[in-house]
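Working notes for the structure below.
We did not get these values from a lab; they are worked out from the coordinates using the rules stated. These numbers come from a predicted model, not from an experiment. All Cβ positions, glycine included, derive from the backbone under ideal geometry; neighbour counts span all protein chains shown.
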Amino acid sequence: MSQILYQTATKEKFTVITIENKELLSNLVTELDNLTTKLGNTAPKNLILNLKLVQNWDEAIIEQIAKAQGYFYEHNTSLVVCALSDHLQDILDKTDYAELLNMTPTESEAWDIVQMEEIERELLDSDDMEFSLPNED
């Protein structure tokens, strides 16, 4: 039975999951969902999915990552995919998900995206952003 092989690195604002499988095939969709859900519900709740070692993936995996990303945004957290090979990008470009995924070429750029999104959420949630009109007497 196939399984997802991965390493995690936890930072202050996010966890990086580096997938070690060369192929992410449709039989791994449930396991990928379980992994992202588990780590997404553990502090820090933002995830970076590093695919630098992955050489091939199925559309079902791409769809699952897009669904996971939607789940993360609904829960005010981030999921960023990084380090896609040209081949993975070519496969992605042939799907309806290419414009939906939050992707960066490098892991360090993914760190920046997560941190910027955290700042945006903090600003939007801030009570300091109250505006009032002057009283008309």
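So which residues in segment 40-58 are surrounded by 21 or more Cβ atoms within 10 Å (Cβ to Cβ) and either free of Cβ contacts under 8 Å to residues at least 24 places away in the same chain or outside any strand (DSSP E or B) (or both)?
Applying the first criterion (surrounded by 21 or more Cβ atoms within 10 Å (Cβ to Cβ)) to segment 40-58 yields 46-51, 54, 57.
Within segment 40-58, Leu51, Val54 meet the criteria.
Name the one entry in Asn76, Asn102, Asn46 that is touching an Asp or Glu at 6+ places or on another chain (Cβ under 9 Å), over 21 Å from Tyr6 (Cβ atoms) and not hydroxyl-bearing (Ser, Thr, Tyr).
Values: Asn102 fails: over 21 Å from Tyr6 (Cβ atoms); Asn46 fails: over 21 Å from Tyr6 (Cβ atoms).
Only one candidate qualifies: Asn76.
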Query raised in the report: Does Leu35 satisfy being assigned to a strand (DSSP E or B) and within 19 Å of Val16 (Cα to Cα)?
Result: no
Report summary line: Out of (1) without any contact (Cβ under 8 Å) to a residue 12 or more places away in the chain; (2) out of contact with any Leu (no Cβ under 7 Å at 6 or more places or on another chain), the one Ala98 does not meet is (2)
